[in-house]
Amino acid sequence: MSENTQSPRKPRVAVVFGGRSSEHAISVVTAGAVLSAIDRDKYDVLPIGITTDGRWALTADAPERMAITDRKLPDVSDLAESGRGGVVLPVDPSSREAVLTEPGQVPEALGEVDVVFPVLHGPYGEDGTLQGLLELSGIPYVGAGVLASAVGQDKEYMKRVFVSFGLPVGPYEVIRPREWEQNPAAARKKIVEFAAEHGWPLFVKPARGGSSMGITKVDDLSGLDEAVEEARRHDPKILVESLLRGREIECGVLEFEDGPRASVPAEIPPVTDHDFYDFEAKYIDSASGIVPAPIGDEATAEVQRLAVAAYEAVSCEGLVRADFFLTEDGDFVINEINTMPGFTPISMYPRMWQESGVSYPELVDRLVQAALTRSTGLR
Ligand SMILES: Nc1ncnc2c1ncn2[C@@H]1O[C@H](COP(=O)(O)OP(=O)(O)O)[C@@H](O)[C@H]1O
Ligand SMILES: [Mg+2]
């Protein structure tokens, strides 16, 4: 008797990771942890790595090769099964069959995909583009849909949505691509006027960045042009913000059967050997947040309320990590949300849930289950 007649086929989870964004390596690390944690008795797994140039490759199911070792970051091109063509998911919603294609070869069926876990950060992964592809395919997926992903990726529109829902945001200014390209003097003047009103230092950021890449803290006018150019290397649209003094507090939101719930919050202690919570501090040195954040019951309840409000404001699904500043006046200001937050077992989001009674494997399972119960399309 074949296995299929004994029990129904297990749901097949395609873990999609890597990708074209500057957060490629972090995504690989996360995918390694997800592959290790996912319940193989319950799910079949298909690992699909996206190379930095956007090729979808069938990769080895080898979590042990996906960690940061000796400060060396992992890369999909080192994991891809060489010479095996590209993986394609059908855009035709009548089929869920993933195929391996190679020019001149008969396509090789890889089996049906029931749900995609896009373990991708940043552009072409966390920003709604991949989610759009999966909507066309009719394959459900973990996490936020097209709109929420796109809003969560764009620091300008994210703030605009927050403001419209009454969530507190800090002062900011947007410099659009054409403003800087066509009249840099006017754009510079706009920033200087912003600084005159709100004071130096400023944070100059790419609008659609992540992992602190391209962000510079600028103390005075002399560092401005360089900071703008650096941000623009990541995104032609940039944001300028005033420095928010206070404590950095994060809070996780996870979808349960009865709706979204907030985790205990965490505090990111001020970094001493880095200028701010930058890429190195976040990933290489594993700057460790304090969980739960020692802010008292009242502030905890407030940040949890705001985190769920942010999730709802943007119409998130599955999960979100909402990041705040707790100002010296005791008020919360929301900095950003991440619709696919850092997700290794030592990352803040899983640690906050661990501390809230949801283990890493359970977290992975809840997200996959939540996705499996959703359909694509309007919902
Ligand atoms: N306006 C600000 N005031 C003070 N610190 C900031 C401000 N904006 C960003 N930072 C610091 O920079 C880090 C990264 O900025 P963030 O906006 O979260 O970008 P990313 O999407 O790259 O994580 C934050 O965690 C915080 O430490
Ligand atoms: Mg951040």
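Read-outs throughout are calculated quantities, based only on the coordinates presented, and are distinct from any laboratory measurement. Because the structure is predicted, anything quoted here is derived from the model rather than measured. Cβ sites come from the backbone with ideal geometry, for glycine too, and all protein chains shown count toward neighbours.
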task: With a ≥ b ≥ c taken as the square roots of the eigenvalues of the C-alpha gyration tensor of segment 12-141, please select rounded if a/c is under 1.5 and otherwise prolate if a/b is larger than b/c or oblate if it is not?
output: rounded
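Assuming R0 = 56 Å, what is the FRET efficiency of residue 183 and residue 108, from their Cβ-Cβ distance, to the nearest 0.05?
Working: r = 54 Å, r/R0 = 0.96.
It comes to 0.55.
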Under 23 Å from the Cα of residue 155 - lysines, other chains or at least 8 residues apart: 189, 190, 205, 217, 237, 282
message: Rg/Rh for the chain to two decimals, with Rh computed the Kirkwood way over all alpha-carbon pairs.
response: 0.98
- prompt: For segment 356-379 and segment 158-207, what is the separation of their C-alpha centers, rounded to whole Å?
  reply: 36
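Charges at C-beta only: +1 for Lys and Arg, -1 for Asp and Glu. How large is the resulting dipole of the chain about its Cα centre, in Debye rounded to 20?
720
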The chain, relative contact order [Cα under 8 Å, separation at least 6], %: 16
P(r) tail fraction, segment 56-117 - alpha-carbon pairs more than 16 Å apart, %: 55
- prompt: Where Rh is the Kirkwood radius over the Cα pairs of segment 131-239, the temperature 10 °C and the viscosity 1.306 mPa s, what D in µm²/s does Stokes-Einstein return?
  reply: 104
query: How high is the FRET efficiency from residue 92 to residue 220, r the C-beta distance, R0 51 Å, rounded to 0.05?
result: 0.35
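Grab the beta carbon distance between residue 346 and residue 197, set R0 = 45 Å, and tell me the FRET efficiency rounded to 0.05. Could the numbers behind the result be given before it?
Working: r = 40 Å, r/R0 = 0.88.
E between residue 346 and residue 197, to the nearest 0.05, is 0.70.
Using the number of other C-beta atoms within 10 angstrom as an exposure proxy, rank 288, 149 with the fewest first. Show your work: numbers first, answer last.
On the way: 288 12, 149 26.
In increasing order of surrounding Cβ atoms, one gets 288, 149.
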query: How long is segment 72-171 along each principal axis, judged by its Cα atoms, biggest number first, in Å?
result: 56, 41, 20
query: Which distance in nm do the two modelled labels at residue 160 and residue 36 give, with both placed 7 Å along the Cα-to-Cβ direction?
result: 4.2
statement: In deg cm²/dmol, rounded to the nearest 500, the helical mean residue ellipticity at 222 nm of the chain, built from -39500 (n - 2.57) for every DSSP H run of length 4 or more, is -9000 deg cm²/dmol
